[in-house]
Structures are given as structure tokens and as C-alpha cells.
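Following: one structure in C-alpha cells, then a few remarks.
The values are calculated or read from the model by the stated rules, or taken from the named source; none is laboratory data. Keep in mind it's a predicted model, so treat the numbers as computed, not measured. In this analysis, Cβ positions are derived from the backbone assuming ideal geometry, glycine residues included, and neighbour counts consider all displayed protein chains. Areas reflect the complete protein model, heavy atoms only, side chains present, ligands, DNA and RNA absent. Shrake-Rupley method; radii C 1.70, N 1.55, O 1.52, S 1.80 Å.
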Amino acid sequence: MLVSRSISMWSLPAIGCWNPFAFARFRVFCASSQLPVSPKDKTLRTINNSGVIACLRASSAELAMSAACAALNGGISVLEIVMSTPGVLEVLYQLLQDYPTRTLGVGTVLNIKDAKNAVKAGAKFLMSPTMVKGIMDDIEGEFLYIPGVMTPTEVLTAYEAGAEIVKVYPVSALGGIKYISALKKPFPHISMVASQGITIESTGDYIRQGASSVVLSDAIFNKEFMDQKNFDGIFQLSKLAASVAMEALEWKQQSSLTESCH
């Protein structure tokens, strides 16, 4: 039950004239701020607040499990496991039991069947390199779908189809940081994830230039570390990536507050 705060007009600071309409808006805000957040909205908020989506591709379920644990223990809060990983759904299910507060999803989802299976296994989000028709409309469940886009036309098409966030792919081949910056100018209201060829060192620049988050694949799951099963190395890279992203997000938030004051 929502309980509206009751404030006497006499208890308010004597700044200007009493405005009953402003007071009414205040009461509505206090009540609405207590509304429950849907799982889908919570996932979107977590992605926007994390700055990094770690993308895991492994040659076996055992390797995927160990690498995922290293990344999550290193501070990664959003993890995507590529659909082609052997035993991907079993790995996802187990990770959800071990890390119930993390946001885990499945990537490179190319058809409705895989999408349905991933959602049944508990995926909180699905990601594709393109927009797969029907995923947003034909699958039941509180999951977030992140379709892949490349051009301004594709960005707007996905948004009008119901996508709340899109993945700009392959961003490095399209111009990298400059491309994200240019793409955000006509679409400041659309959340974008930058994906492909991004390093930990460039993560902050992508976020500062408009990306809500970046996908880090080899930058975290280093191929040499994966081959050598160097999970401590993956842990350290994850820790660094999370730190760099958080610093950029804090700068972005502070910059936004400064602009709103002018």
C-alpha cells in the first residue's frame, strides 16, 4: 500500500508564495517513487549503472563456469554468456543459484527457439548482433532484449519496435568512440551499448561520449588467460574494468548535474 506523505503548509519553509499545485506534484512524486520496479526495468537500470557487460565465450561448460566466477568475483555485475558456449543454459542456471544478485544473460541469440530456452533457464536479458523479429513480441517473460543495430535507421527502427536499449555493433569497425558520439546526437533518449573491439583503456571514453555501457569480451576473458586457465588474471582484469567504468559513470553523472545547473 502506498502511503502519501502529509505535510502541513505551515511546516514548509517560507520561500516565495504557497503554491498548492507544486505541493500536489510533490505528493504525487512521493507516492510514485515507492512504486515497485519490474524485473525488466531493474535489469536495464543495472546495465546503465554498471558500465560494463562482460561477454563470455568458452570451449567447454567447465571453463565457462570457472571464468564466469572469476569475473563475477572481480566485480562484474552484468555477464553475458554467448549462446554457442557448450552447456550454456546449464552454466547460466548454476550461476544464477550462486550469484542471485547479479544480472546474467545470454548473447548472440539468433532465433526464437534459443531465445525461449534462454528465458526459461532464467536469463535476465538477451542480446543479438541484429534485431531478431519476434523476440520482443512472441516470448513471454520479464526479460530485457538488446537488439544489435548499426545505422541510424536501425537504431530508430529497433526503438520504435519496443527496444529500450540497443547494441551498436560492430562499433570499432564503424568508427569507434567517434561513431557513438555522432550516433547519440540525434538519439540522446535511446540507451546504447557499444560492442566489438573495445579495450578496458577505451571503456571510459566510450561512456563519456554517450554509451550507457560497453561489451568487453577478450578485454576481460583474455584468450591467453582462457587457454592457460589463468582465472586470477581474469579476476584482475574484471576488477580493473569495473573500476574504470565506475569512474567514467561518476564523471558522466557529475557532468550532467553541472549542465543542469546552468
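Table for the structure above
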| read-out | value |
| --- | --- |
| Net charge contributed by nearby residues that have their C-beta within less than 13 Å of K124 (K/R +1, D/E -1) | +2 |
| Cα-based shape type of region 216-256, given that a ≥ b ≥ c are square roots of the gyration tensor eigenvalues and the cut on a/c is 1.5 | prolate |
| Residues with amide H under 5 Å from that of C55, placed H, sequence gap 5 or more | E80, L216, S217 |
| Rounded percent of accessible protein surface that carbon and sulfur make up, the chain, 1.4 Å probe | 55 percent |
| All lysines inside 27 Å of K229 as judged from Cα atoms, apart from same-chain residues fewer than 8 positions distant | K239 |
| Where the chain is the region considered: accessible area per residue in Å², 1.4 Å probe | 53 Å² |
| Virtual paramagnetic centre 7 Å along Cα→Cβ of A182, amide N under 18 Å, in region 154-172 | 154-156, 168-172 |
| Rounded tilt (10° steps) of 231-260 against the dominant C-alpha axis of the chain | 30 degrees |
| Pairwise Cα inverse-distance average, inverted: Kirkwood Rh of region 64-216 (Å) | 15.8 Å |
| Highest-MSF residue in the chain out of L56, L89, L35 [GNM, Cα springs under 10 Å] | L35 |
| Length-normalised contact order of region 83-225 in % [C-alpha pairs under 8 Å, at least 6 apart] | 14 percent |
| Long pairs among K113/K133; K116/K184; K40/K167; K42/K252; K42/K178, criterion Cα-Cα beyond 23 Å | K116/K184; K42/K178 |
| Cross-link reach list, aspartates and glutamates versus K223, counting only Cα pairs under 20 Å and skipping chain neighbours closer than eight places | E62, E80, E201, D232 |
| Degrees, to the nearest 10: 61-73 long Cα axis against longest axis of the chain | 40 degrees |
| Inter-part distance where region 104-162 and region 34-60 are each reduced to a Cα centre, Å | 14 Å |
| The chain, relative contact order [Cα under 8 Å, separation at least 6], % | 19 percent |
| Projected area, mean over directions - region 142-262, Cα convex hull, nm² | 8.9 nm² |
| On Cα atoms only, tilt of 88-98 relative to the major axis of the chain in degrees | 50 degrees |
| Whole-number D in µm²/s for the chain (Stokes-Einstein; Kirkwood sum over Cα pairs; 37 °C, 0.692 mPa s) | 166 µm²/s |
